[in-house]
Amino acid sequence: MKAHELDYRLHGDDMQFVEIELDPKETVIAESGALMMMDQNISMETIFGDGSKKGGSGLFGALGGAAKRVLTGESLFMTAFTNDGIEKETVSFASPYPGKIIPIDLSQVEGKLVCQKDAFLCAAKGVSVGIDFKRKLGAGFFGGEGFILQKLEGDGLCFIHAGGTIIKKELKPGQKLKVDTGCLVAMTKDVKYDIEFVGGVKNTLFGGEGFFFATLTGPGDVWIQSLPFSRLASKVFASAPQLSGSQKGEGSVLGSLGNLFEN
């Protein structure tokens, strides 16, 4: 199924939203709760999975697509927004936390993008939103994104969001990049992903960076975020002891004891 072609505009800087222009009968799919506003002739329909029918048609195909989304921690349902009018209409979607929205044309990345499980925001109808298993157990048990990542497949436009500033790195064949597991946003299909132990007693106990980082090996493109939502939430939670009960260190095994050594 060829994806619908979308026209769009990004608004804002650190708290962005994307405005998508739909031709008559054109459709965009989005995560539940992503809607910001829409014109009067845009209709909404709650659907199982992504509506691409990649897992097969009928009830079992729909249930299969929805089940895959549950494995990534997402809702069973997505929402399809269709222009039922006779002129162009717009619908807008907002990122759920401060950061950037990244438009990616899947036809320009060989039809597949692998991203962290909460990065997907919206896409043209026809784009398949599935799961991507990592074969190595290390990546599964210790990766910040977990054993299962999302994969977006098709030939249409999709939008992912991430926290802080986003940088795109182009890796040459065999080139490696070490990244904090929470900072990885997305990568093209040929990039190899693994988890590596930080190593060293002092690094592990006092480094505050956690036990593991992601090792990405080219060729391919990767997108990195400067402020993962988990890091932001951890700092907010730690700054409100009346709500959390006690402060917690971000990555050190010493927890709140590590705060005693801070200036």
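Here are some notes:
- For first residues located in segment 206-231 and on the phi > 0 side of the Ramachandran plot and modelled with pLDDT of 75 or more, partners that are open to solvent by 40 Å² or more (accessible area, probe 1.4 Å) and not in a helix (DSSP H, G or I) and lie 6+ apart or on another chain with Cβ distances below 9 Å form the pairs 220/170; 220/189; 220/190; 220/192.
- Selection within segment 99-145 - at pLDDT below 85 and in a loop (DSSP other than H, G, I, E, B): 117, 118, 134, 135, 136, 143, 144, 145
- Search result, residues across segment 86-100 that are surrounded by fewer than 22 Cβ atoms within 10 Å (Cβ to Cβ), within 20 Å of the chain's Cα centre (by Cα) and not small (Gly, Ala, Ser): 96, 97, 98
- Within segment 27-52, the residues that satisfy the criterion of being within 24 Å of residue 162 (Cα to Cα) and exposed (fewer than 13 other Cβ atoms within 10 Å of the Cβ) are 32, 33, 37.
- Residue in segment 148-161 that is at pLDDT 75 or above and of a type in the set (Lys, Arg) present: yes
- Per-region count, segment 101-123, residues open to solvent by 30 Å² or more (accessible area, probe 1.4 Å) and in contact (Cβ under 8 Å) with a residue 60 or more places away in the chain: 4
- Residue 24 passes every criterion in (1) modelled with pLDDT of 65 or more; (2) outside any strand (DSSP E or B); (3) open to solvent by 80 Å² or more (accessible area, probe 1.4 Å) apart from (3).
- Of the residues making up segment 158-196, not one is touching a Cys at 6+ places or on another chain (Cβ under 8 Å) and open to solvent by 80 Å² or more (accessible area, probe 1.4 Å).
The values are calculated or read from the model by the stated rules, or taken from the named source; none is laboratory data. This is a predicted model, so every value here is computed, not measured. So basically every Cβ, Gly included, is an ideal-geometry build from the backbone, and we count neighbours across all protein chains shown. We work out accessible area using only protein heavy atoms, side chains counted, and drop any ligands, DNA or RNA first. Shrake-Rupley method; radii C 1.70, N 1.55, O 1.52, S 1.80 Å.
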